[in-house]
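These notes concern the structure reproduced below.
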Amino acid sequence: MSRYADDSREKVREATDIVDLVGSRTDLRRSGPTRFTGTCPFHEDRSPSFGIDVDKGVYHCFGCGA
(Lines give C-alpha, C1' and ligand atoms only; values in the text may rest on other atoms or scores of the structure.)
Protein backbone atom coordinates (compact mmCIF):
# COMPACT_ATOMS: atom_id res chain seq x y z
CA MET A 1 0.00 0.00 0.00
CA SER A 2 1.31 3.42 -0.97
CA ARG A 3 2.04 6.03 1.71
CA TYR A 4 0.71 8.86 -0.41
CA ALA A 5 -2.23 9.06 -2.73
CA ASP A 6 -1.50 9.59 -6.42
CA ASP A 7 -3.33 12.92 -6.44
CA SER A 8 -1.15 14.16 -3.54
CA ARG A 9 2.01 13.38 -5.48
CA GLU A 10 0.66 15.16 -8.54
CA LYS A 11 -0.16 18.25 -6.48
CA VAL A 12 3.43 18.39 -5.20
CA ARG A 13 4.83 17.93 -8.72
CA GLU A 14 2.63 20.73 -10.05
CA ALA A 15 3.56 23.07 -7.19
CA THR A 16 7.32 22.51 -7.46
CA ASP A 17 9.47 24.13 -10.12
CA ILE A 18 11.90 21.32 -10.98
CA VAL A 19 14.45 23.74 -12.48
CA ASP A 20 14.56 25.82 -9.28
CA LEU A 21 14.79 22.71 -7.13
CA VAL A 22 17.65 21.08 -9.05
CA GLY A 23 19.25 24.45 -9.82
CA SER A 24 19.72 25.07 -6.11
CA ARG A 25 22.04 22.03 -6.05
CA THR A 26 23.87 22.29 -9.39
CA ASP A 27 24.35 24.74 -12.27
CA LEU A 28 21.89 24.27 -15.12
CA ARG A 29 22.06 25.68 -18.64
CA ARG A 30 19.24 26.01 -21.10
CA SER A 31 19.64 23.56 -23.97
CA GLY A 32 16.35 24.17 -25.75
CA PRO A 33 13.04 25.94 -25.28
CA THR A 34 11.97 23.68 -22.41
CA ARG A 35 15.14 21.70 -21.68
CA PHE A 36 18.03 22.20 -19.29
CA THR A 37 21.31 20.33 -18.84
CA GLY A 38 23.89 20.23 -16.11
CA THR A 39 25.96 18.01 -13.89
CA CYS A 40 24.06 15.38 -11.96
CA PRO A 41 23.12 16.29 -8.37
CA PHE A 42 23.05 12.59 -7.41
CA HIS A 43 26.69 11.67 -8.10
CA GLU A 44 30.06 13.32 -8.67
CA ASP A 45 30.02 14.42 -12.28
CA ARG A 46 32.46 16.47 -14.34
CA SER A 47 30.54 16.80 -17.57
CA PRO A 48 26.85 17.60 -18.08
CA SER A 49 25.02 14.29 -18.21
CA PHE A 50 21.82 15.38 -16.45
CA GLY A 51 18.82 16.65 -18.37
CA ILE A 52 15.46 18.15 -17.44
CA ASP A 53 12.41 18.46 -19.67
CA VAL A 54 10.17 21.10 -18.12
CA ASP A 55 7.11 20.37 -20.27
CA LYS A 56 7.13 16.71 -19.33
CA GLY A 57 8.26 17.35 -15.75
CA VAL A 58 10.95 14.68 -15.94
CA TYR A 59 14.71 14.41 -15.47
CA HIS A 60 17.30 11.81 -16.39
CA CYS A 61 21.00 11.31 -15.79
CA PHE A 62 22.82 9.43 -18.52
CA GLY A 63 25.72 8.77 -16.14
CA CYS A 64 24.05 7.09 -13.16
CA GLY A 65 20.58 6.48 -14.58
CA ALA A 66 18.71 8.50 -11.96
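On the protein heavy atoms, probe 1.4 angstrom, tell me the percent of accessible surface of the chain carried by carbon and sulfur.
Roughly 50 percent, rounded to a whole number.
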For the chain, find the longest principal axis of its Cα atoms and tell me its angle to the long axis of helix 6-15, 0 to 90°, nearest 10. 50 degrees
From the helices alone, meaning DSSP H stretches of at least four residues, give me the mean residue ellipticity at 222 nm for the chain, per-run term -39500 (n - 2.57), in deg cm²/dmol to the nearest 500. -6500 deg cm²/dmol
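If you count, for each residue, the other Cβ atoms within 10 Å and average over each peptide, how do 39-50, 18-29 line up from highest to lowest?
Taking the mean over residues of other Cβ atoms within 10 Å, the ranking is 39-50, 18-29.
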If the viscosity is 1.002 mPa s and the temperature 20 °C, what translational diffusion coefficient in µm²/s does Stokes-Einstein give for region 18-66 when Rh comes from Kirkwood over Cα pairs? 204 µm²/s
Considering only the other residues whose Cβ falls under 15 Å of the Cβ of Pro33, what net charge follows from Lys and Arg at +1 and Asp and Glu at -1? +2
With every protein chain present, what is the per residue accessible area of the chain (1.4 Å probe, Å²)? 81 Å²
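The values are calculated or read from the model by the stated rules, or taken from the named source; none is laboratory data. Computed from a predicted structure; not experimentally measured. A quick note on method: Cβ atoms are made from the backbone with ideal geometry, for glycine too, and the neighbour counts reach across all protein chains shown. Heads up: the accessible areas ignore ligands, DNA and RNA and are worked out on the full protein's heavy atoms, side chains in. Shrake-Rupley method; radii C 1.70, N 1.55, O 1.52, S 1.80 Å.
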